[in-house]
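Asks: Dropping the structure in here first, questions after.
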Amino acid sequence: MMQSFTDAKNAFIDEVRVDDYIGLEGSRLVYEKLINSLDRDIKMILLYGEPGTGKTLMLNRIYHNFRHQKDIHFIDTPIGTKKEFYRRLFQIITGQMMPVDGHISFDTYVEYGKKMNGKRNIIVLLDEAQIYPDEMLEEIRMLSDTGSMKFILSAHMTEDGDLLAKSHFQSRIWEKLELKNADISELKTYVYKRLLNRGLVDIANQFADRQYKFIFKCTKGNFRECNKLLYSAFEIYEYYESNKPDKVEYGKIPMKILEMAAIKTGFIDV
Ligand SMILES: Nc1ncnc2c1ncn2[C@@H]1O[C@H](COP(=O)(O)OP(=O)(O)OP(=O)(O)O)[C@@H](O)[C@H]1O
Ligand SMILES: [Mg+2]
């Protein structure tokens with residue numbers, strides 16, 4: 001039976017699902033370092049990389065794999081205000097919601113942290129940290145210093161690399177780990193497995209070196225960009241299949257379709 005281009009298109013929806021994780025060489029190394037750090041006396045870890053390199057997925061995976069074994073917590077949406085941040089921290093520490101009119105001073109958290117040194121190893125995964133002001137990062141550092149809380153922050157870097165220039169992240173207290181774009185062989189594995197994981201082996205086999213080279217040239221191995229391009233390509237394919245079925249080729253994905261998708265998504269100027 002022919003496999004559906006609609007399913008293939010949906011395989012490249014840019015969402016973060018823990019089951020989608022593929023242990024590509026680069027990300028596997030970072031994953032292992034992160035795991036090793038969980039029990040070691042490293043307090044502040046910054047996971048950084050360009051947008052779309054898999055930071056959120058990585059934190060998700062760590063949370064998912066350790067949530068039953070460790071005192072681990074995931075703050076996945078950025079918290080706008082200090083007040084909200086400390087409400088969340090309260091919830092993490094006590095397992096309960098703070099009353100609406102409740103207030104606990106920062107010093108109390110620090111005192112608690114010191115008291116728990118050696119007794120608790122609270123791990124907080126915090127995504128989108130580029131949004132947090134330096135002042136809050138400084139408080140996070142002070143909480144880490146108490147010895148009972150470990151923070152793993154992820155943040156994206158823009159092309160001019162301004163993230164690491166952010167004064168707080170320059171300090172040596174940070175252990176820094178970078179997630180990078182895929183090289184071409186990782187990109188092949190990524191595309192192939194993303195389709196295979198959804199049972200689309202016939203479609204996965206429609207890619208050959210020429211197609212991969214083109215995808216790599218457009219996306220530079222960025223996963224999100226790759227999703228964008230292939231989503232669009234399968235959308236075009238889908239259109240042909242339902243409107244001009246006699247024009248559909250089922251051997252290799254025609255370069256023409258990839259090029260059309262690249263134009264549509266802005267990788268190629270016309
Ligand atoms: N190792 C991987 N295996 C499978 N899919 C991956 C992997 N890394 C990234 N992806 C996919 O790439 C897309 C982008 O990943 P993600 O959202 O985690 O990037 P990000 O680094 O958090 O980006 P941003 O900085 O914009 O938040 C997602 O669809 C994700 O599923
Ligand atoms: Mg993210």
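The values are calculated or read from the model by the stated rules, or taken from the named source; none is laboratory data. Treat the numbers as computed from the prediction; the structure is a model and nothing was measured. All Cβ positions, glycine included, derive from the backbone under ideal geometry; neighbour counts span all protein chains shown.
Asks: Go through region 131-161 and give me each residue that's within 16 Å of ligand 2 (Cβ to nearest atom) and either over 20 Å from Thr53 (Cα atoms) or surrounded by 17 or more Cβ atoms within 10 Å (Cβ to Cβ) (or both). Outline the logic, then answer.
Replies: Within region 131-161, the subset within 16 Å of ligand 2 (Cβ to nearest atom) is 131-132, 152-158.
If the condition is that a residue be within 16 Å of ligand 2 (Cβ to nearest atom) and either over 20 Å from Thr53 (Cα atoms) or surrounded by 17 or more Cβ atoms within 10 Å (Cβ to Cβ) (or both), then Tyr132, Ile152, Leu153, Ser154, Ala155, His156, Met157 are the ones that fit.
Asks: Continuing with this model, one more query. Restricting the search to region 86-115, which residues are among the hydrophobic types (A, V, I, L, M, F, W, C), within 31 Å of the chain's Cα centre (by Cα) and not in a helix (DSSP H, G or I)?
Replies: Listed by number, the residues that qualify are Met97, Met98.
Asks: Quick check, is Ile253 in a helix (DSSP H, G or I), aliphatic (A, V, I, L, M) and touching a helix residue (DSSP H, G or I) at 6+ places or on another chain (Cβ under 6 Å)? Write out each step before concluding.
Replies: Details: in a helix (DSSP H, G or I): no; aliphatic (A, V, I, L, M): yes; touching a helix residue (DSSP H, G or I) at 6+ places or on another chain (Cβ under 6 Å): yes.
No: the conditions fail for Ile253.
Asks: Go through (1) without any contact (Cβ under 8 Å) to a residue 60 or more places away in the chain; (2) of a type in the set (Lys, Arg); (3) surrounded by 15 or more Cβ atoms within 10 Å (Cβ to Cβ) one by one and return the number of the condition Lys180 breaks.
Replies: In the conditions (1) without any contact (Cβ under 8 Å) to a residue 60 or more places away in the chain; (2) of a type in the set (Lys, Arg); (3) surrounded by 15 or more Cβ atoms within 10 Å (Cβ to Cβ), Lys180 misses (1) alone.
Asks: Let me ask something else. When the residues of region 6-21 are narrowed to those that are part of a loop (DSSP other than H, G, I, E, B), surrounded by 14 or more Cβ atoms within 10 Å (Cβ to Cβ) and under 12 Å from the mean Cα position of the chain (by Cα), which ends up nearest to ligand 2 (Cβ to nearest atom)? It would help to see each step written out before you state the result.
Replies: Kept after step one, since they are part of a loop (DSSP other than H, G, I, E, B), are these residues of region 6-21: 12-17, 21.
Subset that is surrounded by 14 or more Cβ atoms within 10 Å (Cβ to Cβ): 12, 16, 21.
When the remaining residues are screened for being under 12 Å from the mean Cα position of the chain (by Cα), the result is 16, 21.
Numbers: Val16: 7, Tyr21: 14 Å.
So the residue we want is Val16.
Asks: State whether the residues of region 162-173 include one that is in the same structural domain as Arg40 (by TED's automatic domain parsing), at pLDDT 90 or above, away from ligand 1 (no atom under 16 Å from the Cβ) and in a loop (DSSP other than H, G, I, E, B).
Replies: Going residue by residue through region 162-173, those that are in the same structural domain as Arg40 (by TED's automatic domain parsing) are 162-173.
Next cut, at pLDDT 90 or above only: none.
For region 162-173, residues in the same structural domain as Arg40 (by TED's automatic domain parsing), at pLDDT 90 or above, away from ligand 1 (no atom under 16 Å from the Cβ) and in a loop (DSSP other than H, G, I, E, B): absent.
Asks: Where residues in region 213-239 are among the hydroxyl-bearing types (Ser, Thr, Tyr) and surrounded by 17 or more Cβ atoms within 10 Å (Cβ to Cβ), which of them is farthest from Ile257 (Cα to Cα)?
Replies: First, the residues of region 213-239 that are among the hydroxyl-bearing types (Ser, Thr, Tyr): 219, 231-232, 237, 239.
If we keep only those that are surrounded by 17 or more Cβ atoms within 10 Å (Cβ to Cβ) as well, we get 219, 231-232, 237.
Details: Thr219: 16, Tyr231: 11, Ser232: 9, Tyr237: 7 Å.
Top of the filtered list is Thr219.
Asks: Restricting attention to region 22-59, report how many residues are under 13 Å from Ile152 (Cα atoms) and either assigned to a helix (DSSP H, G or I) or within 13 Å of ligand 2 (Cβ to nearest atom) (or both). It would help to see each step written out before you state the result.
Replies: Residues of region 22-59 that are under 13 Å from Ile152 (Cα atoms), as a first pass: 30-31, 33-48, 55-56, 58-59.
Next, from what is left, pick out any that are either assigned to a helix (DSSP H, G or I) or within 13 Å of ligand 2 (Cβ to nearest atom) (or both): 30-31, 33-38, 47-48, 55-56, 58-59.
Of the residues in that region, 14 qualify.
Asks: Something else now. Tell me, which residue of region 28-46 that is buried (at least 17 other Cβ atoms within 10 Å of the Cβ) and at pLDDT 95 or above is farthest from ligand 1 (Cβ to nearest atom)?
Replies: Leu34
Asks: Of the residues His64, His73, only one is surrounded by fewer than 17 Cβ atoms within 10 Å (Cβ to Cβ), more than 12 Å from ligand 1 (Cβ to nearest atom) and modelled with pLDDT of 95 or more; which?
Replies: The unique qualifying residue is His64.
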